[in-house]
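Working notes, beginning with the structure itself.
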Amino acid sequence: MNSKQRVHAALRRQPVDRVPVFMAFHAETLATLARLLDIPRHCVDIALGNDVRMTWVNNDYSVEGMTHDKEGEGHVDLWGIRWVKRGLSNQVAEHPLSASSPDEVRKYCFPLQHIEEFLSRMNPLVASAYDYFIGCDVSPCVFDMYARLRGKEQAIADLSAEPELVDEMFDRCAAFAALLAELACRRFPLDWVWAGDDVAGHDSLLMDPESWRRLVKPHLKLVFDVAKRHRLWAVYHCCGSLRPIIPDLIEMGVDVLNPVQCGCPGMDPLELKREFGDKLAFTGGLDAREVLCCGSVDEVRRATRQLLDGMTAGGGGYILSASHAILPETPVDNLFAMYAEAGLSRAGIYDRAAEIRAKYRQNR
């Protein structure tokens, strides 16, 4: 099986030669692995056996996107949002609409003139579409996009104080994400559309479920409808504890849920698999902090094996990934232990890295 066949088969609950893998890495982790394997950063996914190739075309500057070397360095993106490096990732430092009146918020212009620039990020993936499963990330889509423009506290306050403004801006945020999705579906050989909208904290949703259903759900569905019209898989990403709205996501046409943040209430991956596994596939659920960062090699192997056995029970419906991008402090031996349980040995990884180096020498 090649990667494209493997992922499609897993999502259809058909037999696979091994569990598909889609692992995200922090930029510093990626640099460490590239040095270890002596290959370019953009080839690390190939050496490690990742089956999904995906990039983002909307406002995703936190871990991906423009990176900065020094603490406190930053930039202003095309939405007018200022990002600054704090710790391991970019954080929003200035929200362009944080002090704006409702009328001023309504006058905000999305960067439609840069649509072609955003979509061009997908171009490098096209050549690998025969062998790899190709995704386009159009997140953030609704609340999360509005919160980046307005500030999370003000966005939450607007839910009750300015419901008409919220409805109008949620519609505009969703329409922008849906436009990106529609154009990407027409232009690129996609296998799934990835929509993200972080509406949950560690312990609960950021709003009550009924408010989410009334204010967010109708707009978010616009993005999933694009994927369905083009007969593609629809993926939803949301960190935190979102258990109360999972049935709604299924009703909206979501096929795959990510990242299954297993340390949050109601988000035990094996419980979610038992309850929703006949209607929903999953990618994620392996604890990136407590297990991958802090566990022993044996603990990583046991946790990975338990997860794989439980999440593939009944036949497929799972893609191996962690609950968070792999952090720089993760021991390399733990990563190799995880991959070994997925059928990707350390020796095989080094062999693929050697093939990549040989290919680059020939092309010089």
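Just so you know, all these numbers are worked out from the coordinates, no wet-lab data involved. Since this is a predicted model, take the numbers as computed values, not measurements. We place every Cβ from the backbone using ideal geometry, glycine too, and count neighbours over all the protein chains shown.
Distance from the alpha carbon centroid of segment 1-22 to that of segment 232-294 works out to 19 angstrom. As I understand it, the dipole of the chain uses +1 on the Cβ of Lys and Arg and -1 on the Cβ of Asp and Glu, about the Cα centre. Which of Gln362, Pro15, Gly316 lies farthest toward its positive end? Checked the options; the winner is Gln362. When you work out D = kT/(6 pi eta Rh) for segment 60-150 at 4 °C and 1.567 mPa s, using the Kirkwood radius from C-alpha pairs as Rh and the Stokes-Einstein form, the result is 86 µm²/s.
With R₀ set to 41 Å, the beta-carbon distance separating Ala157 from Ser345 gives a calculated FRET efficiency near 0.20.
Across the cross-link table entries Lys4/Lys70; Lys70/Lys107; Lys70/Lys359; Lys152/Lys217; Lys85/Lys152, which are compared at the Cα atoms, the separations over 26 Å belong to Lys4/Lys70; Lys70/Lys107; Lys70/Lys359. Rg/Rh for segment 139-258 (Cα atoms only, Rh after Kirkwood) is 0.96.
Model label points for Glu290 and Ala127, set 7 angstrom from Cα along the Cα-to-Cβ axis, are 4.4 nm apart. In this calculation the C-beta distance from Arg18 to Arg106 is compared with R0 = 41 Å, giving a FRET efficiency of 0.20. Near Gln261, once Lys and Arg are set to +1 and Asp and Glu to -1 for all other residues with Cβ below 13 Å from its Cβ, the sum equals -3. Which of the trypsin sites (Lys or Arg not before Pro) found in segment 67-125 are in a DSSP loop and have at most 16 neighbouring Cβ atoms, other than their own, within 10 Å? Hits after loop and neighbour filter: Lys70, Lys107. Under the combined filter of DSSP loop state and at most 16 neighbouring Cβ atoms within 10 Å, segment 269-312 retains these GluC sites (Glu not before Pro): Glu290. Within segment 256-320, the trypsin sites (Lys or Arg not before Pro) that combine a DSSP coil assignment with at most 14 other C-beta atoms in a 10 angstrom radius are Lys279.
For segment 3-362, the fraction of C-alpha pairs more than 31 angstrom apart is 33%. Going from the fewest other Cβ atoms within 10 Å to the most, the residues Leu180, Leu272 appear in the order Leu272, Leu180.
Membrane-span-like helices in the chain, defined here as complete DSSP H runs extending at least 27 Å along the helix axis by their C-alpha atoms with mean Kyte-Doolittle hydropathy no lower than 0.0, are 163-187; this is a sequence and geometry rule, not a statement about a membrane. Estimated purely from DSSP H runs of n ≥ 4, each contributing -39500 (n - 2.57), the mean residue ellipticity at 222 nm for the chain is -12500 deg cm²/dmol once divided by its residues. If the segment from His68 to Glu251 were pulled out straight at 0.36 nm per residue, it would be longer than the present Cα-Cα gap by 61.8 nm. The share of C-alpha pairs in segment 151-205 whose separation exceeds 15 Å stands at 62 percent.
The calculated FRET efficiency for Glu164 paired with Glu210, based on their beta-carbon distance and R0 = 25 Å, is about 0.90.
The charge dipole of the chain, taken about its Cα centre with unit charges on the Cβ of Lys, Arg, Asp and Glu (plus for the first two, minus for the last two), comes to roughly 1320 debye.
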